[in-house]
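Heads up: the structure comes next, in structure tokens.
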Amino acid sequence: MGGVMRTPELRGPTDRTVRTDRQYLREKQQLRGFNSFKRTNIILQHLGVGLSVHGQFRVATEKSLFAMPETAIGLFPDVGGGYFLPRLQGKLGYFLALTGFRLKGRDVYRAGIATHFVDSEKLDMLEEDLLALKSPSKENIADVLASYHTKSKIDQDKPFILEEHMDKINSWFSANTVEKIIENLQQDGSSFALEQLKVINKMSPTSLKITLRQLMEGSSKTLKEVLTMEYRLSQSCMGGHDFHEGVRAVLIDKDQSPKWKPNDLKEVTDEDLNNHFKSLGSNDLKL
């Protein structure tokens, strides 16, 4: 999960660990936006996503795996997720952010996260061809990528894994509150809906509400504005309970049984949410 484990003392928000992680999170957010070409023949979660998804050209292979699992550890998609996720087709980004659903291989391209799909065995050749461009421009880089993309046949005829569910996903996740999304899933009652409901019910209630608002607000913000917003959220989460508890349960003790505080969506108030999103004044992220 990216840089989550950078500080080994993440068993509680002590002054030293919070200070260390705040410095790291500031540096991490400042890295966004410099990418132009990224090949994603890897597992992309959290920081890995942030270092690639904002590039103009993003190449996936049959070995690629994409996920945004932050709500499971008491966090939120903090790597510019508030910018790119709400801009995916329909409500796909909201679904991925709230459930942590994994996309693999060509589905990473079909979802719009990658711009091109290339066979993994051709990546070295692709890189050589790109490096051989004498005066690289966006247009001739795009031409090279397109030639490899067109030749790839892996899973070409296989439908997008969520294709049959997209109409329902768009309906369920159009709700303005997490409570309404859960109600939509309950009312649907299909096996797929109940599966997502089971997943969501395991997530941090605070993270779920933060994430939904983050994406709703981020849908109309610039990337710079989103990164500033997300830095504010990161500082609030670092000083709270759920992020440290989520890391403990999932990554340190690995008991997979986080004890969220609060443990009920009804106890996460609008005032609580507003406090997460409030300006840090002179401590706001400078880009």
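Which of the residues that make up segment 152-198 are part of a helix (DSSP H, G or I), farther than 18 Å from L96 by Cβ and in contact with a helix residue (DSSP H, G or I) (Cβ under 8 Å, 6 or more places away or on another chain)?
E179, Q186, D188, L194
Write out, first by first residue and then by second, each pair whose Cβ atoms fall under 7 Å of each other, whose residues are 6+ apart or on separate chains, and whose first residue, in segment 175-191, is β-branched (V, I, T) while the second is outside any helix (DSSP H, G or I).
From segment 175-191, the pairs are I181/F173; I181/A175.
Just for segment 166-200: of the residues that are among the aromatic types (F, W, Y) and farther than 18 Å from E217 by Cα, which one is surrounded by the fewest Cβ atoms within 10 Å (Cβ to Cβ)?
By that ranking, first place goes to F192.
Is there a residue in segment 110-127 that is under 17 Å from V53 (Cα atoms) and in a helix (DSSP H, G or I)?
Scanning segment 110-127 turns up at least one residue that is under 17 Å from V53 (Cα atoms) and in a helix (DSSP H, G or I).
Determine, yes or no, whether Y94 is aromatic (F, W, Y), modelled with pLDDT of 95 or more, buried (at least 21 other Cβ atoms within 10 Å of the Cβ) and within 14 Å of V53 (Cβ to Cβ).
no
Considering each residue of segment 61-110, count those that are among the small types (G, A, S) and more than 13 Å from the chain's Cα centre (by Cα), and give that number.
Looking only at that region, the number is 4.
Could you grab me the full set of residues in segment 185-200 that are under 18 Å from D167 (Cβ atoms) and of a type outside the set (S, T, N, Q)?
Selection gives L185, D188, G189, F192, A193, L194, E195, L197.
Suppose the filter is part of a helix (DSSP H, G or I), under 24 Å from T115 (Cβ atoms) and among the hydroxyl-bearing types (S, T, Y); does T206 pass it?
no
Can you confirm whether S137 is modelled with pLDDT under 95 and exposed (fewer than 14 other Cβ atoms within 10 Å of the Cβ)?
Yes: the conditions hold for S137.
Given the conditions (1) modelled with pLDDT of 95 or more; (2) farther than 15 Å from P69 by Cα, and given that L285 satisfies all but one, which numbered condition is not satisfied?
For L285, the failing item is (1).
Let's see how each residue does on (1) more than 25 Å from V79 (Cβ to Cβ); (2) under 17 Å from the mean Cα position of the chain (by Cα):
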position: D167; (1), (2): yes, no
position: A193; (1), (2): yes, no
position: E217; (1), (2): no, yes
position: H241; (1), (2): no, no
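Are there any pairs, at least 6 apart or on different chains, whose C-beta atoms fall under 7 Å, with the first in segment 81-97 and closer than 14 Å to E70 by Cβ and the second modelled with pLDDT of 95 or more and of a type in the set (S, T, N, Q), and if so, which?
Between residues of segment 81-97 that are closer than 14 Å to E70 by Cβ and residues that are modelled with pLDDT of 95 or more and of a type in the set (S, T, N, Q), the close pairs are G82/Q214; A97/T211.
The values are calculated or read from the model by the stated rules, or taken from the named source; none is laboratory data. Note that the structure is a prediction, hence the values are computed from the model and not measured. As a convention, Cβ positions derive from the backbone with ideal geometry for all residues, glycine included, and neighbour counts pool all protein chains shown.
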